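Scroll down for the structure; my scribbles are underneath it.
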Amino acid sequence: MRTLGEQPAVRNVDVVRRPGAASGVGAAAGVGTAGLPAADVPWSEELQGRTVVVKCGGSTLEDPALRRSFAQDVVELWQAGLHPVVVHGGGPQISSMLDRLALEVRFEAGMRVTTPEAMDVVRMVLTGQVQRDLVGAINAHGPFAVGMSGEDAHTLTAVRRPAWVDGRPVDIGLVGDIVDVAPDTVRNLLAGGRIPVVSPVARGADGQVYNVNADLAASALAVALGADRLVMLTDVPGLYADWPRSTEVIPRLTAEELETLLPGLAGGMLPKMEGCLRAVRSGVGRVHVLDGRTPHAVLRGVLTEENPGTTVLPDEARDATRDTTRDSTQDITRDIARGVAPAVVPHEEETPA
């Protein structure tokens with residue numbers, strides 16, 4: 001059993017916790033993974049030494065209880081021999097600060113319109129407030145988390161992102177799309193037994209600093225790290241199949257099926273699912289879109305079979321999705337293509353950063 005003070009190897013974990021053994025977090029909290037008794041903590045040798053990138057939205061981090069639960073989950077992943085990397089948003093906190101400063105809060109195409117004045121606020125809030133709170137919550141269990149920005153060591157490089165609304169180009173300001181990731185700094189932190197906590201701010205080749213959607217930042221980082229899993233926490237149950245006529249969630253779908261649905265998305269769900277598609281098309285094993293309002297959602301999604309959200313799989317996993325759920329998804333996508341049913345439409349979810 002690895003204790004909280006020991007450091008894991010990045011590729012090959014030489015000391016592993018045996019099935020049923022409680023971690024330091026579980027023992028301290030009186031529960032094990034996903035709220036189970038410590039003796040029933042799930043175990044997966046398949047994921048030993050694998051990297052898992054977890055994106056957590058600002059709406060989840062606003063709630064102190066959910067923030068503590070999330071921090072416990074991240075440390076439990078570390079305890080189980082995985083290598084978690086956290087990318088966080090901070091939309092509600094940024095909007096609150098902009099309101100206090102009497103600066104405009106506006107969104108277009110699912111992105112925050114980011115003026116130079118707003119960019120200063122984004123950097124201040126993400127790295128100076130939200131990240132500090134999250135790092136502190138994780139480090140309540142030991143000296144694990146290290147905060148960093150995508151600007152640090154040129155980890156994330158971005159270009160200005162174009163946007164369109166109803167077929168027309170719109171100016172969303174200093175919003176970036178990632179074009180390059182230099183993951184060595186993150187890898188070095190993992191090799192040292194740390195848990196990187198990354199703010200989605202990126203530098204342009206010209207020195208301009210950009211606000212990057214946290215979902216897209218997490219996706220790009222997961223690809224660059226060769227992550228086995230990407231977890232997207234949001235504040236809806238998953239990807240709805242036929243909103244607003246139904247709250248049925250699509251449990252799983254392939255990249256091809258998601259690509260069919262993508263044009264019908266808008267709001268905050270658009271960049272989220274765009275990030276999911278990019279990830280699985282670029283080598284990430286699978287992506288889980290989970291309801292971050294549920295305590296221990298990360299552990300339920302990664303270490304157990306309990307995954308009430310939406311899982312996106314690579315196209316080669318098509319056979320694994322051949323069940324009644326997939327048939328239903330195919331019916332929806334065919335109807336959308338024929339114009340006889342609405343596309344998956346935006347549902348209210350967390351405020352983008």
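We did not get these values from a lab; they are worked out from the coordinates using the rules stated. Here the structure is a predicted model, which means the values were calculated and not measured. Every residue, glycine as well, gets a Cβ built from its backbone with ideal geometry; the counts of neighbours run over all protein chains shown.
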Proportion of all alpha-carbon pairs of the range 207-320 beyond 19 Å (%):
43
Highest first, please rank the peptides 46-59, 179-192 by the mean number of other Cβ atoms sitting within 10 Å of their residues.
46-59, 179-192
Any idea how far apart VAL105 and ARG293 come out in nm if each label point goes 7 Å out from Cα toward Cβ?
1.8
Projected area, mean over directions - the range 223-282, Cα convex hull, nm²:
4.4
Using only the Cα atoms of the range 37-155, construct the convex hull and provide its projected area averaged over every direction, in square nanometres to one decimal.
9.4
Return the tail of the calculated pair distribution for the range 136-196, meaning the percent of Cα-Cα pairs more than 20 Å apart.
48
Under 5 Å between amide hydrogens, which residues at least 5 positions from LYS55 or on another chain qualify, with H placed 1.01 Å from N in the peptide plane?
VAL87, VAL231, MET232, LEU233
Each label point is 7 Å from the Cα along the Cα-to-Cβ direction; what then is the distance between the points at TRP164 and GLU45, in nm?
5.1
